[in-house]
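Report on one structure; see the data block that follows.
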Amino acid sequence: MTDTPPSDDRTTDEIDAADREPLFDRIPRRDFMKAGAAAGAMGSLAGCTSLLKDDDDSLASASEVGAYVPPGEHDDYYAFLGAGQSGEIRVYGVPSMRQLMRIPVFQTDSASGYGYDNRTSEMLEDAGGYTWGDAHHPRVSQTDNDYDGRWAFVNDKANGRMARVDLEYFETDAIVDVPNQQGTHGACCLLPDTKYVFGVGELRVPMPNDGRDLDDPDAYTSVLAAIDPETMNVEWEVEVDGNMDNADSGKEGRWFFATGYNSESGVSESEMSASDTDWVKAFDVPAIEEAVENGEYEEIGGVPVVDGTRDSPLNDGDRPIVRYVDVAKSPHGISVTPDGKYAIASGKLDPTASVIDIETLGEADDPNESIVARPNLGMGPLHTAYDGRGHAYTTLFIDSEVVKWDIEAAVEAYPEEEPDPDDEKESPAVVERISVHYNPGHLIAAESYTADPQGDWLISLNKLSKDRFLNVGPMKPENDQLIYIGDDDEGMKLVKDTPSYAEPHDASIVSADKINPADVYDPADYDAEFVGGEDSEITREDGRVHVRMYSMRNEFGFEDVTVQEGDEVTFTVTNIERTPDILHSLAIPEYDINLKLAPQDTREVTFTADEPGVYWMYCAFFCSALHMEMRSRLIVEPAE
Ligand code: RUQ
Ligand code: CUA
C-alpha cells in the first residue's frame, strides 16, 4: 500500500514528485533543486530537463565525430539489443544507428517465417508454447574475454527461459525452459570462455511451484541457473535468499554477480523497498561445482539444486559458495570493469553506486569489506558501462542523465565519502554529465562487456521520448541515443536520436570484424533433407502426403499438387539458389502456411488439408520480374 493512494486528478508532475518522496532523505540538494525546477517552473513543457542543461556544447553533428556512414558504406559495429516485450533481438549498425535486422526469439514472426515451419514451431512449443517473451539481456559469447561471434544468448524475463541465437545465420536455434525459475532476468556468460550461460531468477516462487506454500512468501525462493552453452541443458542451480535482478560475470572464471532488490522477501512495493540495503550475491562458481560433484544438492524439477541461502552449511566454511554483500538500496544493474577488478552495482533507490573489489572478496572474512567506493552519482542510477580508459558511465533514470565518472578517483575518495543522508555533495569522481531524452534504463558502450572496450560509442536506451519525435499516438517510440565518448577533453557529445519500438533493454556492441554471418545456408548444418532440382517427388501413404520440391526463380518443383480432403500433408521445400539475397517463400493462403526460404535452406511444414478447393501457393519475397508468376496450385479434392 502506498501512503498516498493515487487519485485520478494528479498531474504527471505530482506523480513524479510522489515517486521521489521515499528517496528524499538520500537526494543531494543539488538534484532536488533541479528536480523541483523541472517539475515545477517548466512543468508545462514535456521533458524540459533538456532546456535546463543542454547547451550546444553537448551536441555534435554526425560528421564532426565520425558517425556519418555514407550510403553504401558499412558500420564499424553490430549492436544487439534485447527488445523487451517485443520478444526479439534487434540488430543496429553503429554508429549509423540503422536498424539492420530483427531476430525473432520468443515470438513468431511472419516476415522470417519463424514459428511457421516444423522445426521452429516445435522449438517454441517445446519451450513452453508461450506466444511472447520479454527479451532483456543479449550477451554475445566470448573466448578469452573477447567476442568470438558464435552465439548471442538472451533471457525471457516473463516465462523463465533462455534462448540462443546462432550468429552464423542470425537465427534462434535453441530455447530452454529453465526449471524452478519463473522470470529469468539477468543473463550473462561466465567469462573468460563462456563455460556457462547464467540465468538469474527474479520472481520468487514456492519451490517447486506446484501448489505448495501459496501464502507463505518466506518459503518462496529464486535460483541461479547454469546452462551449458552447447547443449543448452541446465547443469545446476543455486537457491538463494531474496530475489535477483541483473547480473554480470567476473573475467577470471570464478565469480558471478547478481543484484537483488528484495532482500526483505516482501510481496508488496512497500515491503520490498523497506530496507536501506540489499545484497549483491557473489557466486563462487568453482566452489559450487565442487558441491555439485560431491552430491551436496537436492534434485528439484530435474536439476541439481544447491543450497546457497545464508544459513546453508555450504556457506559456513572458509569457502562459502555465495557471498552476500550489503549494498544500498534495491540495486539494479551490475557490471564488472574491463580489467576485472571491480563489480559496480547501481543503487536505483539510492544515489550511489557500490564498487566491490573482486580480489578482496575471496579473502575478506566479511564480504562487506570488499566495498571500496560508493560514489554519489545522482538520482536513480541503473546501469553502468565502460570506455576502457578508467571511466564508468551510469544512467540516471530519474535525472535523465548519463553521468561519467572516474573509477579509481571514486575508490580514492572512499571511505571519506561514506554517504550520509545529509550529504549534499556529488562524488568528486564525477567527470561530467550529459542529458538524455528521457529516463534512460540501460546504456552500453562499444565492447564494454569485454576486457577491451573500444571507448568511442555509447548508446543510451531511453524509456521515454515524450516530445522528441512526431506524435504517433499514445504509445510513443522509445529513444536510443548515440553519444560520442571518444574525446575526454571535448566531453560527451550527443549525436543521434533513434526512435525504437518497445522496448530495448540491454545491448552488446561488437566490432563488425568479430561477427561472420553466412550469405547462404550450408545444408550440412541442418537436419532437413535438401531437395535438389531433380529430386521433387510426391509420396502418398495412408492419408499422408509428402511433397518434396525445390524453389527457384521463378517456379516451384510442381505446378500442381493434388491431395484429398483430410490428408495430412507435409511440404519439404528447398531454395536451391546459391545467389545471396535471393529469397523465396512458400505461402499458402487460408491454410496459414508461411515458409521463408533463404538460399540453400530447406524448411518443412505439416498440416491437414481440411478445406477442399484451389489454393494458390505463391512466393512472398519479391525475387525477380516474374515473381508474381512464381506460383503453383494446391488442389484439395473433396472427400467422397
Ligand atoms: S533491466 S532498465 Cu532492463 Cu533487464 Cu535495467
Ligand atoms: Cu520467389 Cu518471389
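If you put +1 on each Lys and Arg Cβ and -1 on each Asp and Glu Cβ, how big is the dipole of segment 377-488 around its Cα centre, in Debye rounded to 20?
So the magnitude is around 880 debye.
Length gain on complete extension for the stretch Glu637 to Met475, per 0.36 nm per residue less the alpha carbon to alpha carbon distance?
Once the chain is fully extended between Glu637 and Met475, it gains 53.6 nm.
Starting from the 7 Å offset along Cα-to-Cβ, what nm value, one decimal, do you get for the label separation of Asp193 and Arg553?
Modelled inter-label distance: 4.7 nm.
Going by a ≥ b ≥ c, the root eigenvalues of the Cα gyration tensor, does segment 118-183 fall in the rounded group (a/c under 1.5), the prolate group (a/b larger than b/c) or the oblate group?
Judged from the Cα gyration tensor, segment 118-183 comes out oblate (a/c at least 1.5, b/c at or above a/b).
May I ask for log10 I(q)/I(0) of segment 174-274 at q = 0.19 Å⁻¹, from a Debye sum over the Cα atoms as equal point scatterers with solvent left out?
Computed log10 I(q)/I(0) values: -0.89.
Applying 1/(1 + (r/R0)^6) with R0 = 35 Å to the Cβ-Cβ distance of Arg310 and Glu252, what FRET efficiency is obtained, to the nearest 0.05?
Numbers: r = 25 Å, r/R0 = 0.71.
Given R0 = 35 Å and the Cβ-Cβ separation, E is 0.90.
What full-extension length gain, to one decimal in nm, is calculated for Asp148 and Asp488 as 0.36 nm per residue of separation minus the Cα-Cα distance?
Numbers: separation 340, 0.36 × 340 = 122.40 nm, distance 2.94 nm.
Here the answer is 119.5 nm.
Taking the Cα centre of the chain as origin, work out the dipole magnitude from +1 charges on Lys and Arg Cβ and -1 charges on Asp and Glu Cβ, in debye rounded to 20.
In total the dipole reaches around 1780 debye.
Once label points are set 7 Å from the Cα along Cα→Cβ at both Arg544 and Ala518, what is their separation, rounded to one decimal in nm?
Taking the simple label geometry, Arg544 and Ala518 are separated by 2.7 nm.
With +1 on each Lys and Arg Cβ and -1 on each Asp and Glu Cβ, and nothing else charged, work out how big the dipole of segment 485-628 is about its Cα centre, in Debye to the nearest 20. Could the numbers behind the result be given before it?
Working: 10 positive and 32 negative charges, 68 e Å.
Around 320 debye, computed over segment 485-628.
Computed FRET efficiency, Cβ-Cβ of Thr579 and Glu125, R0 35 Å: what is it to the nearest 0.05?
That gives a FRET efficiency of 0.55.
Treat each spin label as a single point 7 Å out from the Cα along the C-beta direction, and report the His74 to Asp560 distance in nm.
Result: 4.8 nm between the two label points.
Quick one: what are the phi-derived ³J(HN,Hα) couplings along segment 489-502, Karplus 6.51/-1.76/1.60 with θ = phi - 60°, whole Hz, x for glycine and proline?
6, 6, x, 5, 10, 7, 10, 8, 9, 10, x, 9, 7, 3
Which residues among segment 308-352 fall inside the zone where the amide N is under 20 Å from a point 7 Å beyond the Cα of Asn294, along Cα→Cβ?
308-324
Just want to confirm a number: the relative contact order over segment 87-154, from Cα pairs under 8 angstrom separated by 6+ residues, in percent. Could the numbers behind the result be given before it?
On the way: 87 pairs, mean separation 15.8, N = 68.
Relative contact order comes out at 23 percent.
So for segment 500-581, taking the charge dipole from beta-carbon charges (+1 Lys/Arg, -1 Asp/Glu), which of Val520, Val531, Phe556 sits furthest toward the positive end?
Val520
When the chain is fully extended, how far beyond the present Cα-Cα distance does Trp132 get from Ala502, taking 0.36 nm per residue of separation? Walk me through the numbers before you get to the answer.
Values: separation 370, 0.36 × 370 = 133.20 nm, distance 1.34 nm.
Length gained between Trp132 and Ala502: 131.9 nm.
Need one word for segment 255-351: rounded, prolate or oblate. Basis is the Cα gyration tensor (sqrt eigenvalues a ≥ b ≥ c); a/c below 1.5 gives rounded, then a/b vs b/c decides.
Because a/c hits 1.5 or more and a/b fails to exceed b/c, segment 255-351 counts as oblate.
Values in this text are rule-based calculations from the coordinates and carry no lab data. As the structure is a computational prediction, the values presented were derived from the model and not from experiment. Please note: Cβ atoms are built from the backbone with ideal geometry, for glycine as well, and neighbour counts cover all protein chains shown.
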